[in-house]
Amino acid sequence: MAKVSEQDVLAALKDVADPDRKADIVSLGMVTGLVVRDGHVGFSIEVDPKRGPALEPLRKAAEKAVEQLPGVLSVTAVLTAHRGPGPHGQQSGPSPAQGAAAAHGHGHAAGARAGGEQKPLVPGVRAIVAVASGKGGVGKSTTAVNLAMGLAASGLRVGLLDADIYGPSMPRMMAISGRPTSRDGRVLQPLENYGVKCMSMGFLVPEDTPMIWRGPMVMSALEQMLRDVDWGELDIMVVDMPPGTGDAQLTMAQRVPLAGAVIVSTPQDIALLDARKGLNMFRKVDVPVLGIVENMSYFSCPNCGHRSEIFSHGGARREADKLGMEFLGEIPLDIAIRETSDGGRPIVVSQPDCEHARAYRAIADRVWAKVSANLAQPQRQPPRIVVQ
Ligand code: ADP
């Protein structure tokens, strides 16, 4: 079968014209993040967010143009908001080295890192906390959801952002279906359940869409989910990061103004030092690691309550001590956690009196204590979403 190349795709896209700007989308520099892998093609078309809704036919036309190429198995084109009016927009404000921290005089709150964004992506959000792991399947998403529920149980205004774009699990874990709507055609309304506002790529992209997102596409999707969503005013936003500590995660940690990170690990991953890589990644980008959670720490038998330490439980606590990190808590391997998590009834809300729910709430309390201690005095920007 014919093998399709990036050049072939760009050549096909040169036949697609922006209806208003009267030139093709390649020459106009609107095509970014092109990925071609085994016949699957993905790319973004950068547009002015105001024109977004009107440009759906353009997006479709671009997909169609590429679909017709021999050797193409699937095409995913997304409209993403282009960033600012070119170099002038980027240059405003302090030098990048000074970053938002100096500009706003904040301590370690969202938007406070040197070299970060020029202005906060989500001005109404007081703190953004990432939940990360060295690899998939360790219970990162389950921890993120129950952490969010625990924070909400303390009366905080909480958002949950599913940045695990490769395998979004929030629609299932939060029992939310449907698509976000927009009141003004520019900003999406987040979906909500259990008192927590939630946004996930899973709400926007049908489940069978091949997830060939990479680098730039992931970044623009994430930025849009932060910037172009009406989060309103939140005390804290929990971000479920994609698993791993590769470039995508590093870029993400750099671009999102994180107040801190929580690392989730199983006892056996700690032995493989995956969590340590995660720690180093956040340190590299100056994001404070709030601590480590040991998940699937021990097995608690649903019949007799016996505790089996199948994975040499305690590894994370020892490792945390060694690294000078706080050990935030341990959560056992328990079928009730799996069933409630996968069934869209997070254990913190569905069984609030059980010991696991208490453990999650204690972790949430500790995370908030650390984050709020770092927050600047209440002198935040107005709670308005800025769409460039
Ligand atoms: P990740 O986000 O790291 O890929 P998930 O949170 O999706 O991991 O969890 C992977 C699977 O393990 C899910 O089926 C989830 O319900 C289950 N799981 C997570 N934590 C626990 C736990 N403490 N006890 C039992 N099952 C768990």
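Here are the numbers for the structure shown:
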{"item": "Some residue of segment 131-146 being more than 16 Å from the ligand (Cβ to nearest atom) and assigned by TED's automatic domain parsing to the domain that holds Ala364", "result": "no"}
{"item": "Yes/no for Ala259 being in contact with a helix residue (DSSP H, G or I) (Cβ under 7 Å, 6 or more places away or on another chain), farther than 19 Å from His356 by Cβ and at pLDDT below 90", "result": "no"}
{"item": "Residue within segment 181-195 that is surrounded by fewer than 24 Cβ atoms within 10 Å (Cβ to Cβ), of a type in the set (A, V, I, L, M) and either touching a Ser or Thr at 6+ places or on another chain (Cβ under 9 Å) or part of a strand (DSSP E or B) (or both) present", "result": "yes"}
{"item": "Single match in Val289, Val229 (criterion: crowded, with 18+ Cβ neighbours inside 10 Å, over 19 Å from Pro168 (Cα atoms), touching a strand residue (DSSP E or B) at 6+ places or on another chain (Cβ under 7 Å) and at pLDDT 85 or above)", "result": "Val289"}
{"item": "So Gly244, is it more than 21 Å from Val122 (Cα to Cα) and either out of contact with any strand residue (DSSP E or B) (no Cβ under 6 Å at 6 or more places or on another chain) or at pLDDT 85 or above (or both)", "result": "yes"}
{"item": "Residue match in segment 319-339 (condition: on the phi > 0 side of the Ramachandran plot, modelled with pLDDT of 90 or more and under 20 Å from the mean Cα position of the chain (by Cα))", "result": "no"}
{"item": "Matching helices (runs of 4 or more DSSP H) fully within segment 302-375 where at least 3 residues are surrounded by fewer than 21 Cβ atoms within 10 Å (Cβ to Cβ) and away from the ligand (no atom under 16 Å from the Cβ)", "result": "315-323, 355-374"}
{"item": "Residue that is farthest from the ligand (Cβ to nearest atom) [pool: residues in segment 150-180 that are within 14 Å of Val349 (Cβ to Cβ), outside any loop (DSSP other than H, G, I, E, B) and out of contact with any strand residue (DSSP E or B) (no Cβ under 7 Å at 6 or more places or on another chain)]", "result": "Ala153"}
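The values are calculated or read from the model by the stated rules, or taken from the named source; none is laboratory data. Fair warning: this is a prediction, and the values are worked out from it, not measured in the lab. Counting neighbours? That spans all protein chains shown, and the Cβs are built from the backbone with ideal geometry, glycine included.
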